[in-house]
1. Report whether or not PRO355 is in contact with a Phe, Trp or Tyr (Cβ under 9 Å, 6 or more places away or on another chain) and touching a residue at least 40 places away in the same chain (Cβ under 8 Å).
2. Restrict the check to the stretch 121-141 and report whether at least one residue is buried (at least 22 other Cβ atoms within 10 Å of the Cβ), modelled with pLDDT of 95 or more, of a type in the set (Gly, Ala, Ser) and assigned to a helix (DSSP H, G or I).
3. Hey, which of the helices (runs of 4 or more DSSP H) in the stretch 20-120, taking only ones fully inside, have at least 2 residues that are in contact with a Gly (Cβ under 9 Å, 6 or more places away or on another chain) and within 13 Å of PHE7 (Cα to Cα)?
4. Only one residue in LEU66, LEU26 is over 23 Å from ILE339 (Cα atoms), at pLDDT 95 or above and of a type in the set (A, V, I, L, M). Which one?
5. Scan the stretch 11-20 and give yes if some residue there is surrounded by fewer than 18 Cβ atoms within 10 Å (Cβ to Cβ) and not small (Gly, Ala, Ser), otherwise no.
6. Return yes when VAL227 is closer than 21 Å to SER132 by Cα, in contact (Cβ under 8 Å) with a residue 40 or more places away in the chain and out of contact with any Phe, Trp or Tyr (no Cβ under 9 Å at 6 or more places or on another chain) and no when it is not.
7. If we scan the stretch 274-284, do we find a residue that is in contact with an Asp or Glu (Cβ under 8 Å, 6 or more places away or on another chain), touching a residue at least 24 places away in the same chain (Cβ under 8 Å) and not β-branched (Val, Ile, Thr)?
8. Output the residues belonging to the stretch 311-326 that are among the hydrophobic types (A, V, I, L, M, F, W, C) and crowded, with 18+ Cβ neighbours inside 10 Å.
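The values are calculated or read from the model by the stated rules, or taken from the named source; none is laboratory data. Keep in mind it's a predicted model, so treat the numbers as computed, not measured. Reconstructed Cβ throughout: ideal geometry from the backbone, glycine too, with neighbour counts over all protein chains shown.
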Amino acid sequence: MKIGFVFPFTGRLASYGESAGPGVDLAMKMINESGGIQSLGGAPIEVFRGDDQGDAKLASSEIERLVTREKISGLIGVFSSTEAVSIGTLADQYEIPFLSPSWTTAKAFTIGSTYSRTFNLTGESFATGGVSMLKYLNEEKGMNAKKVGLIYDGSEYGRGVTDIIKENLKGTEYTVVEDIPYTTPITDFVPQVLRLRNSGAEVLMSAQYFQETVLLLRAMDSLDYRVPFVGCASGFSDTRLPGSLGSAIAERTLGAPVFGPVAVSDLVLYNPLQTFLDRARAEGHTFGSDGLDVNWFVLGAQALFIYKAALEAAASRDGKDINDTLLSTQIPRGSDELIVPFYDPGLAWEETGRPLNQVVPYIQWQDTEMKMVYPPDIAAAEVKL
């Protein structure tokens, strides 16, 4: 069984592919060790990579190469929300499923594709989860910060998340006092931070990638600007954050306090995830500031485990058959094939490709370490303000 995997392995976003790639490889090894796809006579899974550098044009050409030359039956990808909107319908053109571990935008559910879907926490989930966290901090933990400053990646992804945040804050006691989109690449956030400080914002919310999170926090530190930060993207819960900031800046900025949503973390006591990570460590993989990012490692692996479940049910190499089965695939929470912890009671999709049953855990950086603080039923530490 040939599955394509198109992701950024070089360029500005290479760190995502560098962590997701080994996760896909380990999942492939585990599936093949256990006998491959039993309904296809034990057929092994082969994964063929394409490097899109996070660019839609490169993604399109790499997908064409994998479809025409390698004859793949399904794809892990595409990477970004911009790619999902602009080239997601290529899946329908080639009649093979695109299963993404990464894109998040709600707009991709409206492009008319019946072959393209994501299982990652969506922008809608990140946005509503961020608003829920903001309200929890104020209403349950006494934060008393009602003036909100928004700063975000001006791409499809960042705007989509932020639009939902703004919609959810309308008619509430919270007021958006500053709204700052930016374009990438960006090297200096000082002008944006000055605007936020001058606006009187009491709490910041942001949807952006890891690299820009580092630059933004450095700029805030240079201006001695410290207010609570509720991140609405995984850039705020990346284990590499303290190391990339440097110890002195990390101690100052992450104590603001800073909260980040977690798709996957070894802080979550979810048995299928912990079992998979134990196997990964036994294979020599390390995680954290000196190793791979556990979130992207697990998301990559999860994509292939979902394909395994669909392939077993489809008993076919035909892309249309696999896609039809994917759409109806439901994997219950606690199953060995559902290693991500953010579905309850289990993974399922709407016909549009929109995932159902998602929940958003939050960490807080405490003494430059991540602590699970929300929701209360899985919290391992108390919020510190």
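1. Spelling it out, PRO355 is indeed in contact with a Phe, Trp or Tyr (Cβ under 9 Å, 6 or more places away or on another chain) and touching a residue at least 40 places away in the same chain (Cβ under 8 Å).
2. Checked the stretch 121-141: at least one residue is buried (at least 22 other Cβ atoms within 10 Å of the Cβ), modelled with pLDDT of 95 or more, of a type in the set (Gly, Ala, Ser) and assigned to a helix (DSSP H, G or I).
3. Details: elements: 56-65, 81-87, 90-94.
Of the helices (runs of 4 or more DSSP H) lying wholly inside the stretch 20-120, those with at least 2 residues that are in contact with a Gly (Cβ under 9 Å, 6 or more places away or on another chain) and within 13 Å of PHE7 (Cα to Cα) span 56-65, 81-87.
4. Exactly one residue qualifies, and that residue is LEU66.
5. yes
6. Details: closer than 21 Å to SER132 by Cα: yes; in contact (Cβ under 8 Å) with a residue 40 or more places away in the chain: yes; out of contact with any Phe, Trp or Tyr (no Cβ under 9 Å at 6 or more places or on another chain): yes.
Yes.
7. Scanning the stretch 274-284, I find no residue that is in contact with an Asp or Glu (Cβ under 8 Å, 6 or more places away or on another chain), touching a residue at least 24 places away in the same chain (Cβ under 8 Å) and not β-branched (Val, Ile, Thr), so the answer is no.
8. Scanning the stretch 311-326 gives LEU311, ALA314, ILE322, LEU326.
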